[in-house]
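Novice: I'd like to ask some things about the structure below.
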Amino acid sequence: MIMQKDRLENKPILQTPFAQTYFHGTKANLELGDFIEAGFNSNFGQRKNAKYIFLTATLDAAIWGAELAIGEGRERIYLVEPTGKIEDDPDLTDRKFPGNPTQSFRSTQPFKVVGEVTLWRGHPAEQVQAMKDGLAKLREQGVNSLNDED
């Protein structure tokens, strides 16, 4: 890492040769170079054709994404690069975790698959089931995803 000083404010600037890593948890079987795009059935909310796709800067949030994804495939976590603007995911940042500590984001632009995390440990089965039960209860109560409202 390299430390420099901001010439205008004389504050240290931390520079690193590493780019931000983003993850996408899913059950889709993808290859390096594939693009993850909006328009497919979402995993949450009304499960309609999704306007957004999601990524996170934390492995834990990606693990949740993989564990909660619908479908029959195995749970997978991909390293992805956004091809356009990303913004905070309002379901998490507005409702559960103000300030976005989960580093969860959404975009309407594709993500390019640049790698896969093949060794990771999932959450305990009872914790995953409790999360699924909680999501089902929200659906029964008519609480929709903020991502369905746009």
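Novice: Under the condition of being among the acidic types (Asp, Glu) and surrounded by fewer than 18 Cβ atoms within 10 Å (Cβ to Cβ), which residue from region 76-93 is nearest to Ser107 (Cα to Cα)?
Specialist: Ranking the candidates gives Glu87 first.
Novice: Just the residues that are modelled with pLDDT of 85 or more, within 18 Å of the chain's Cα centre (by Cα) and of a type outside the set (Lys, Arg), please, taken from region 120-150.
Specialist: Trp120, Gly122, His123, Val128, Met131
Novice: Looking at Phe97, Phe105, Phe54, can you tell me which residue is more than 18 Å from Gln20 (Cα to Cα) and either modelled with pLDDT under 90 or not in a loop (DSSP other than H, G, I, E, B) (or both)?
Specialist: Among Phe97, Phe105, Phe54, only Phe97 is more than 18 Å from Gln20 (Cα to Cα) and either modelled with pLDDT under 90 or not in a loop (DSSP other than H, G, I, E, B) (or both).
Novice: Looking for whichever is modelled with pLDDT of 90 or more and either surrounded by fewer than 12 Cβ atoms within 10 Å (Cβ to Cβ) or part of a loop (DSSP other than H, G, I, E, B) (or both) here; the options are Glu67, Glu9, Glu31. Which one fits?
Specialist: Glu31
Novice: Still on this structure, please answer the following. If Ala61 satisfies every condition in (1) at pLDDT 90 or above; (2) closer than 20 Å to Pro110 by Cβ; (3) exposed (fewer than 15 other Cβ atoms within 10 Å of the Cβ); (4) of a type outside the set (Asp, Glu) but one, which is the exception?
Specialist: (3)
The values are calculated or read from the model by the stated rules, or taken from the named source; none is laboratory data. Bear in mind that the values here come from a model prediction, so they are computed numbers and not experimental data. For neighbour counting, all protein chains shown are included, and Cβ atoms are generated from backbone atoms with ideal geometry for every residue, glycine included.
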